[in-house]
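Coordinate-derived values only; no laboratory data. Treat the numbers as computed from the prediction; the structure is a model and nothing was measured. When we count neighbours, we look across all protein chains shown, and the Cβ atoms used for this are built from the backbone with ideal geometry, even at glycine.
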Amino acid sequence: MSKIWELDFYSRPLLDANNKKVWELLICDRDREFEWVRECPSSEVNSEWLAKQLTDCVATTGQNPIKIRFFRPSMTNIIIRACSLAGIKGQASRRVFTMSAWLAERMQSIYPNRDGFQAVDPNPLPLKVLAAQDPKPVPDALMGERWISVSLKAEDFADASEWSMDFGELLDISSLEPEAIISGIIIISARATALAAWMSGVDPVFLKFERNLMGDRTQMQLEASADARWVLANLQAPKDKEAIAQGAAFEKAKQNAEGFHFLAVQTSPDIENFAGFWMLKEVI
């Protein structure tokens, strides 16, 4: 069972017998090897109730996660305090793809069959940030020397859990056809381990090549954590025309692969070990 859990604590499209919103707690691990579902009385929506549930969940599963990811900006204070009371690290992050998929399933097959159902929420766990931070440059000491655009077939990741990587995290890509092309970026750095450790700390979500309105400048940005944006490379036309074209191709391939792509960090492309490797996903 994986050591990172995902959590959502929020009202659902249901009304109880007193016409009050039904609140529900969902907890799962990244592979959904366990699922924890508990309803919360609307009068007990607080950090103390949630902390007790977290404690019970740890005791029942026999697992003590290294952290719990969540993404509900309006619930941040309650969830962070509850995690603290339960002795678990809570992290606001958009990297809650398992929870997002689980909620979508429940919106389709669970809630509509319940008494008091109101309406299906088309986006039960919105992961897009309306007011993201301005992009910041990666610390100078961690900047890579160069980057390479690569691609693999989905079937090439069948044994990815056995790859040698110091930091990283994979995602379930079983929804893709085996022949589907997944694009990726490899950053080459003499300080690959330090860069990978930093990236692990900021919780990478997805990569994006962002062009300015004039079309002459492009940034390779890393979206991370709850609302952070980091600049990994600045490209200027016409000098970086080829790299800008690679960025455009990367974006198209990402769209064709349900938003899946990957980021790797290595000291050299000729070695087999990854200092860091993350499967990423942009919610399209």
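Here are the numbers:
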read-out	value
Length added when fully stretched, Gln108-Ala248, from 0.36 nm per residue minus Cα-Cα	46.9 nm
Average projected area [Cα convex hull, the stretch 41-89], square nanometres	3.5
Inter-centroid distance (Cα atoms) of the stretch 34-61 relative to the stretch 109-184, Å	27
Dipole axis of the chain (+1 Lys, Arg; -1 Asp, Glu on Cβ), positive-most option in Asn77, Ile244, Gln108	Asn77
Three-way shape call for the stretch 136-281 based on the alpha-carbon gyration tensor, with the a/c threshold at 1.5	oblate
Residues of the stretch 250-284 with amide N under 16 Å of a point placed 7 Å along Cα→Cβ from Arg211	250-255
Neighbour count of at most 15 Cβ within 10 Å plus DSSP loop: longest trypsin sites (Lys or Arg not before Pro)-free window in the chain	129-238
C-alpha long axis of helix 241-256 to longest principal axis of the chain, angle in °	30
FRET efficiency, Glu48 to Asn123 (Cβ-Cβ, R0 35 Å, nearest 0.05)	0.75
Förster radius 41 Å - calculated FRET efficiency between Arg32 and Gln236, Cβ distance, rounded to 0.05	0.40
Label point 7 Å beyond Cα of Asp159 along Cβ direction - residues of the stretch 261-279 with amide nitrogen under 16 Å	272-274
Relative compactness, the chain, computed as alpha-carbon Rg over 2.2 N^0.38 Å	1.08
Cross-link partners of Lys241 among aspartates and glutamates (Cα-Cα below 17 Å; sequence separation of 8 or more within a chain)	Glu210, Asp216, Glu251
Subset of Lys21/Lys281; Lys89/Lys252; Lys89/Lys128; Lys128/Lys153; Lys3/Lys52 violating a 25 Å alpha-carbon distance limit	Lys21/Lys281; Lys89/Lys252; Lys128/Lys153
The stretch 4-113, dipole about Cα centre (Lys/Arg Cβ +1, Asp/Glu Cβ -1), debye to the nearest 20	420
